[in-house]
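**Q** Let me give you the structure first, and then I'll get to my questions.
Every number in this text was worked out from the coordinates using simple rules, so none of it is lab data. Here the structure is a predicted model, which is why all the values come from computation and not from measurement. Positions of Cβ are backbone-derived with ideal geometry, glycine not excepted, and every protein chain shown enters the neighbour counts.
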Amino acid sequence: MTIKAGDRIPSAPLEYMNADGPVEISSDELFAGKRVAAFAVPGAFTPTCSLEHLPGFVRRANDIKARGIDLIVCLSVNDVFVMDAWGKDQNVGDKVMMVADGHAAFARAMGIVVTDPGYGERSDRYSMVVDDGVVAILHLEAADAFEVSDADTMLGEL
């Protein structure tokens, strides 16, 4: 079942990179006690994700945070090393936290997983605002679309 506004974020393992290397974090920890703007992409270094989705959130990060967002998170079903390299390639800095859902556990738990014949399980594209672990806003894209999960749409609703 696909998650919806009002639902609590499911518990799943995730990873991010810090200066000391990979760090494991649960989705419970990531979303607890803060207001988080999160978005998921089908894959790091892919065209729409690299040319539009992630750059939009990097570009609008200060505006989004000025509207009460504590943390902006990019999620993808890639390993933590790929997410770290993609963040560096995109000059993300500390504007967006690059989070790996390496085994698609979070995407599956959210009910937002698709199976690509060439790449296996991937996350559908979406954006959401999570208040202390509860989904407040969710924009799930139709297959192969990029219309409602962008930074400008999110900013318009904050």
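**Q** What's the lysine pair count for the chain at a Cα cut-off below 21 Å, pairs eight or more apart or interchain?
**A** 5
**Q** How big is the C-alpha Rg of the chain next to the rule-of-thumb value 2.2 N^0.38 Å, as a ratio?
**A** 0.92
**Q** Further question: Over the chain, what is the relative contact order in whole percent, taking alpha-carbon pairs under 8 Å and six or more residues apart?
**A** RCO, the chain: 32 percent.
**Q** Modelled label-to-label distance, A143 and T2, 7 Å Cα→beta-carbon offset: nm?
**A** Here the answer is 1.2 nm between the modelled labels.
**Q** Please identify which residues in the range 135-152 have an amide N closer than 16 Å to a label point set 7 Å out from the Cα of D116, following the Cα→Cβ vector.
**A** Answer for the range 135-152: 141-146.
**Q** Can you give the % of DSSP beta bridges in the range 13-157 that are antiparallel, to the nearest 5?
**A** So the antiparallel bridges in the range 13-157 amount to around 70 percent.
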